1. Can you find a residue in region 33-46 that is in a helix (DSSP H, G or I), surrounded by 12 or more Cβ atoms within 10 Å (Cβ to Cβ) and at pLDDT 90 or above?
2. Note down all Cβ pairs under 8 Å where the first residue falls in region 79-93 and is in contact (Cβ under 8 Å) with a residue 24 or more places away in the chain, the second is among the hydroxyl-bearing types (Ser, Thr, Tyr) and assigned to a helix (DSSP H, G or I), and they're at least six residues apart or on different chains.
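The values are calculated or read from the model by the stated rules, or taken from the named source; none is laboratory data. Please read all numbers here as calculations on a predicted model, not as lab measurements. Counting neighbours? That spans all protein chains shown, and the Cβs are built from the backbone with ideal geometry, glycine included.
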Amino acid sequence: MDVTPNSGEGIGAPPPHEAYANAPDLRREMHQVLALGAERDGRQARPVTGPLVDATAAERAWLLRRAALMDRMALDDPGPGPAAAAAETAEQLVLYDRRHPGLVAGPHHPDAITLVPSHRLYVRQEYAAWTAAERPRI
């Protein structure tokens, strides 16, 4: 069976059109991820309203959303630059999830998806599971 970065065949990861079915459009998501990154890095104050946010879960949500954004951008432009950025952000999510396995939302642990050169399938699995569980957008 041929498993490519654009397919979830063989491991149960959803294909991109299913994984990102509930994702905001790329432009909106890019602005939100950049704003979350600015809050994370202290370049922008987090709004005081709303419930307190668990820092570990917030970091994971930012890593997941950023990796999903990069994956979606690489699907639109499959050149070497976008594909490398998608692979790098996917790897960062995997490293975080290895340290915080309780935050994994999908059925497969990050090390279970090793059939392709990057962990982009893992990102799709996690994004689909995260949105299906109606996780907060943080």
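1. Among the residues of region 33-46, at least one is in a helix (DSSP H, G or I), surrounded by 12 or more Cβ atoms within 10 Å (Cβ to Cβ) and at pLDDT 90 or above, which makes the answer yes.
2. ALA90/TYR122; LEU93/TYR122
Each row is one residue, and each column tells you yes or no for (1) in contact with a Ser or Thr (Cβ under 7 Å, 6 or more places away or on another chain); (2) at pLDDT 85 or above; (3) polar (S, T, N, Q).
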position: PRO14; (1), (2), (3): no, yes, no
position: VAL48; (1), (2), (3): no, no, no
position: THR56; (1), (2), (3): no, yes, yes
position: GLY79; (1), (2), (3): no, yes, no
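So that you can scan it fast, the table gives a plain yes or no per residue for (1) loosely packed, with under 15 Cβ neighbours inside 10 Å; (2) without any contact (Cβ under 8 Å) to a residue 12 or more places away in the chain; (3) closer than 15 Å to HIS17 by Cα:
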| site | (1), (2), (3) |
| --- | --- |
| ASP77 | yes, yes, no |
| HIS100 | yes, no, no |
| LEU103 | no, no, no |
| GLY106 | no, no, no |
| ASP111 | yes, no, no |
| GLU126 | no, no, yes |
